[in-house]
Protein chains: 2
Amino acid sequence: MNSELINKGLKIFENCDNALIASVDSDGFPNLKAMLKPRVNNGLKEFYFTTNTSSMRVKQYLQNPKASVYFMNERGFTAIMLTGTMEVLQDSASKELIWREGDTVYYSKGVTDPDYTVLRFTSVKGRIYENFKSYSFNI
Amino acid sequence: MNSELINKGLKIFENCDNALIASVDSDGFPNLKAMLKPRVNNGLKEFYFTTNTSSMRVKQYLQNPKASVYFMNERGFTAIMLTGTMEVLQDSASKELIWREGDTVYYSKGVTDPDYTVLRFTSVKGRIYENFKSYSFNI
């Protein structure tokens with residue numbers, strides 16, 4: 001059952017255009033933000049995002065790593081929510097892993113730009129939404 | 001300054017196709033979900049959503065009303081996040097306010113369907129994302 005849901009979830013991820021990530025701010029409010037689709041993933045278990053070191057999300061995840069990630073198709077009628085933790089990575093191996101040519105548009109100083117940060121999300125649970133039904137599973 | 005950002009935020013809302021709502025679950029993890037675009041709103045201050053009474057989101061908001069709502073255009077490059085509280089409404093005036101012909105597709109028993117619930121979001125703060133910049137304001 002789980003492997004079927006994981007395959008379905010991977011398909012939703014592959015077909016999505018972008019991602020949304022959620023955090024909890026210091027006042028306990030959920031926050032969310034659209035992100036570029038992660039370029040590197042390990043199944044549904046890990047996803048790597050890039051962001052600005054100075055961003056609000058980085059501050060929030062350093063304080064509270066509880067996170068979720070959401071990928072959707074067809075305007076949200078088919079979607080997957082993954083719940084887990086988000087790590088803020090500054091090591092050069094992680095940065096080089098996801099750096100792509102042309103990223104200087106976002107980070108003018110290149111892969112060592114101090115404003116370039118990697119976020120690694122690790123899933124614990126998943127929930128798939130499809131045809132007005134939902135299915136939960138562990139990862 | 002605020003009124004300019006509020007007007008910009010309203011334009012993002014008007015042009016969006018759907019909405020995302022976020023909550024905090026009982027373990028303190030942020031959760032999020034795509035929703036139909038709210039049909040009734042009062043500027044950027046209040047938004048009315050419909051949902052299933054039995055949904056996970058209803059349980060979470062009854063326990064913890066802290067919420068955020070996200071509207072986006074152009075795959076998320078332009079977006080607004082609103083932070084505030086979500087109320088779960090079961091009174092018939094609220095239900096009738098947002099009921100539309102054809103909603104029996106979702107709620108077969110009509111406006112009095114016990115599985116039909118109204119969520120009212122009230123904003124406190126806003127944050128607009130545009131061209132890789134962001135602007136915060138109170139509402």
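When each of the peptides B:57-64, A:76-83 is scored by how many other beta carbons lie within 10 Å of its residues on average, the order from highest to lowest is A:76-83, B:57-64. Shape summary: the range B:2-132 maps onto an equivalent ellipsoid whose semi-axes, from the alpha-carbon gyration tensor, are 25, 17, 13 Å in decreasing order. Counts of other chain beta carbons within 10 angstrom of each beta carbon in peptide A:120-126 average 1.
For chain B, the longest principal axis of the Cα atoms and the long axis of helix B:2-15 meet at an angle of about 50 degrees.
The mean number of Cβ atoms from other chains found within 10 Å of a Cβ in peptide A:21-30 is 6, as a whole number. With neighbour counts taken as other beta-carbon atoms within 10 Å, the residues B:F132, B:F137, A:F47, B:F29 rank, fewest first, as B:F132, B:F137, B:F29, A:F47. Of the three principal axes defined by the Cα atoms of the range B:1-65, the extents in descending order read 38, 23, 17 Å. Counting only other chain Cβ atoms within 10 Å of each residue's Cβ, the peptide A:35-41 averages 1. Exposure proxy shown here: for A:T117, A:T122, the number of other Cβ atoms within 10 Å sets the order, fewest to most, as A:T122, A:T117. Between copies, the label points of A:E4, set 7 Å from Cα on the Cα→Cβ line, lie 5.6 nm apart, reported in increasing order to one decimal in nanometres.
A quarter of the convex hull surface defined by the alpha-carbon atoms of the protein assembly as shown gives 14.6 nm² as the mean projection.
No value in this document is a laboratory result; all are computed from the given coordinates. All values reported here derive from a predicted model rather than from experimental measurement. Cβ sites come from the backbone with ideal geometry, for glycine too, and all protein chains shown count toward neighbours.
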